[in-house]
Structures are given as structure tokens and as C-alpha cells.
1. Please list the equivalent ellipsoid semi-axes of the stretch 57-145, computed as the square roots of five times the alpha-carbon gyration tensor eigenvalues, in descending order and whole angstrom.
2. Leaving out ligands, DNA and RNA, and with a 1.4 Å probe, what % of the accessible surface on the stretch 46-160 is carbon or sulfur?
3. Just subtract the alpha-carbon distance of Y146 and V130 from 0.36 nm times their residue separation and send over the number in nm, one decimal.
4. Before I look further, what does the stretch 33-136 give for accessible area per residue, probe 1.4 Å, in whole square angstrom?
5. Can you give the accessible area of R41, probe radius 1.4 Å, in Å² rounded to 10?
6. A138 versus A39, label points 7 Å from Cα toward the beta carbon: distance in nm?
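The values are calculated or read from the model by the stated rules, or taken from the named source; none is laboratory data. Because the structure is a prediction, the values reported are computed rather than measured. Note that we place each Cβ from the backbone using ideal geometry, even for glycine, and neighbour counts take in every protein chain shown. The area values use the complete protein model at the heavy-atom level, side chains included, leaving out ligands, DNA and RNA. Shrake-Rupley method; radii C 1.70, N 1.55, O 1.52, S 1.80 Å.
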Amino acid sequence: MAQAAPAPGGMSRPGRTPEIEARESEGRTRPPDVFDARAHRIAHIAVPVVLGLLYGYWVAADARQGGGITGGNLLLGWISALVFAGVCVALLTLAPRMPRELHALLWTAFVGVAFGFLYIQTGHSVWRTVLMSLVVAACTFATFFYRYYTREDAAGHRVH
């Protein structure tokens, strides 16, 4: 081992005094906000659009099942992307104003329907698609309800 052992009574953190460490531990400071309000407004639209484009591509790829790309396939992908992005923007805007139960339920319905539509494109039966969508929706509801229940008060205000 090439490292020296610390000397007894030596300073473990050079340049820091106990007074400075005591002052820093008393008050909790907020981490800096990396993005300003403009960046958040842009991301509020850009993220759902990018997710919608990915979703539309995925739907179109599943629908063609390895075959050639057709005009109908492209149309299905673009319409899926448009609907996904539109509903996602609407949920990001409206859902936080709802009570936490309804907030979680809205996202659950969105995820369940989006997954079900994507899953039915692969050629599975309707019953299997419904079952898989319900399983995914139940897991989504449990996750989102827990998240909102632990981070909001009963009135829906965020607890810091």
C-alpha cells in the first residue's frame, strides 16, 4: 500500500474549521435550479412530442410485423404519435390540478390504453391484450398513487 496512514490529531479536511462546518449543517440550502422557466416551458411541449414520435414509430413497426412499409402504416404511426403527444400534453397540464386519486387514475388510464393499443398491434388476441393492459394499468396506478400520496397533502399541494 502506497498510502500514508492519517496522523492522530491531524486535520481530516484541510482548510475547514469546525465553525464553518457547524454553520453549513445548520441551514439547509436548496439545490440550484439547472433550468430556468423558459426551459421548463419548452420541455413541457418537447418531451411529449418526442415521446409521441417514439410511440408512433413503435406502433407502426409493430403493425407492419416485419413486412414492407406502406402508406397506411406511415399514417397509423403519425396519427398514433399525434394522439399520444396531444393526450400527454393535456395530462401534464390538467392532471396536477386534480385530487391525487384522480391524478393517478388519469395517468393509469393513459398508460393502460397506450400499452393496450401498442400490444394489440403485435397480433395477440383481444383477451390477452385486455389482461396485459389491466396488469400494466394496475401496476401504474399503484406506483403513481403511492408517489402522489407520499408527496402531496390531502388538498393536492406538494409537500416539500
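1. Values: eigenvalues 148, 59, 9 Å².
Semi-axis lengths for the stretch 57-145 are 27, 17, 7 Å.
2. Numbers: 5420 of 7370 Å².
C and S fraction of accessible area: 74 percent.
3. On the way: separation 16, 0.36 × 16 = 5.76 nm, distance 2.40 nm.
Full extension of this stretch gives 3.4 nm more.
4. Details: 6620 Å² over 104 residues.
With the other protein chains kept in place, the stretch 33-136 gives 64 Å² per residue.
5. Counting only protein heavy atoms, the figure is 150 Å².
6. Distance between label points: 4.1 nm.
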